[in-house]
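Inspection log for the structure reproduced underneath, given as structure tokens.
The values are calculated or read from the model by the stated rules, or taken from the named source; none is laboratory data. What you see is a predicted model, and the numbers here were worked out from it, not measured in a lab. Every residue, glycine among them, receives a Cβ derived from its backbone with ideal geometry; neighbour counts consider all protein chains shown. Only protein heavy atoms, including side chains, enter the accessible area calculation; ligands, DNA and RNA are left aside. Shrake-Rupley method; radii C 1.70, N 1.55, O 1.52, S 1.80 Å.
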Amino acid sequence: MKSKFKADVILFAIIVLMATALIFVGNCRKSAGSTVIITLNGTTYAEASLPANVEIDVDGLLTVVIEDGEVWVTGSTCPDGLCEGMGAISRSGESIVCLPNGIVVKITSDEPEYDFIN
């Protein structure tokens, strides 16, 4: 009985280590972003360079702050405010979504992104 428990613990530890390694490798491979694209109900509302220091008011629904290579949301009118709680993003492919207001803030890069799924 003890050997089965020990094997289960070892297997669990190996799975946790592999998952941690995959997450780490995935985050290291993300490139630094260069452009912030803000869409409102599926339509591009604004684009800005990531190095810029600017605040963009999106139709009075929320404010997107771009500062020191990071992007975050403040002053959202949505009832739950989850988009404000998401914190700052800075890498290509990351996004902040405000579903009640229909707003997506996404960072893109000039570097090509590869998709290995055919």
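Only the Cβ atoms of Lys and Arg (+1) and of Asp and Glu (-1) were treated as charged; on that basis the dipole of the range 44-90 about its Cα centre amounts to roughly 60 debye. Computed with every protein chain present, the accessible area of residue 34 is close to 30 Å² [probe 1.4 Å]. Principal axis extents of the C-alpha atoms in the range 32-96 (largest first, rounded to whole Å): 32, 23, 20. Label separation (residue 22 vs residue 9): 2.5 nm, computed from points 7 Å beyond Cα along the C-beta direction. Entry comment: accessible area of the range 31-91 is 52 Å² per residue, from protein heavy atoms only and a probe of 1.4 Å.
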